[in-house]
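> Pasting a structure here, questions to come.
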Amino acid sequence: MRKYRTHGEYLDKALKDPKEAALYLNAAAQENDAALMLAALAQVVRAHGVSRTARKVELSRAGIYKTISKTGNPELKTFLGILKVSGLRMSFKPVPHRP
């Protein structure tokens, strides 16, 4: 019998690639929903390893878990650190003008 991957396993593998992680986070950001963005960021952290990310961002493992929890609210420094560890950077673009 063939073993199938779960959705979580697929995401963990895919989000290790910075291009895939960037597409994933951009899709979440376009929804303009802070909770969704935090959940997407948490998935990227899990894909890159919570302990590794915590060490590189200079937080405790518990601190990272608290930051990416549903009630988390990462500081900008932590958010940018997570992006850097994941091989990503933040950029901005204007919202299309609506008549």
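A short reminder: the numbers here are calculations on the coordinates, not readings from a lab. Computed from a predicted structure; not experimentally measured. With ideal geometry, Cβ positions are generated from the backbone for all residues, glycine too; neighbour counts draw on all protein chains shown.
> Hey, what did the stretch 7-85 get for relative contact order, percent, Cα under 8 Å, at least 6 apart?
On the way: 64 pairs, mean separation 21.1, N = 79.
Reported as a whole number, the value is 27 percent.
> Using the Cα centre of the chain as origin and beta-carbon charges of +1 (Lys, Arg) and -1 (Asp, Glu), tell me which of PRO96, GLN30, GLY72 is placed farthest towards the positive end of the dipole.
It is GLY72, whose Cα lies furthest towards the positive end.
> Whole-Hz Karplus ³J(HN,Hα) for the stretch 22-38, in order, using 6.51 cos²θ - 1.76 cosθ + 1.60 and θ = phi - 60°, x for Gly and Pro?
After applying 6.51 cos²θ - 1.76 cosθ + 1.60, I find 5, 4, 5, 5, 5, 4, 5, 5, 5, 6, 6, 10, 4, 5, 5, 5, 5 Hz.
> Mind listing the phi-derived Karplus ³J(HN,Hα) values for the stretch 73-85, rounded to whole Hz, using 6.51, -1.76 and 1.60 with θ = phi - 60°, and x for any glycine or proline?
8, x, 5, 4, 4, 5, 4, 5, x, 4, 4, 4, 4
> List the lysines whose Cα lies under 23 Å from the Cα of LYS3, skipping any in the same chain that are fewer than 8 positions away.
By straight Cα distance, LYS3 reaches LYS13, LYS16.
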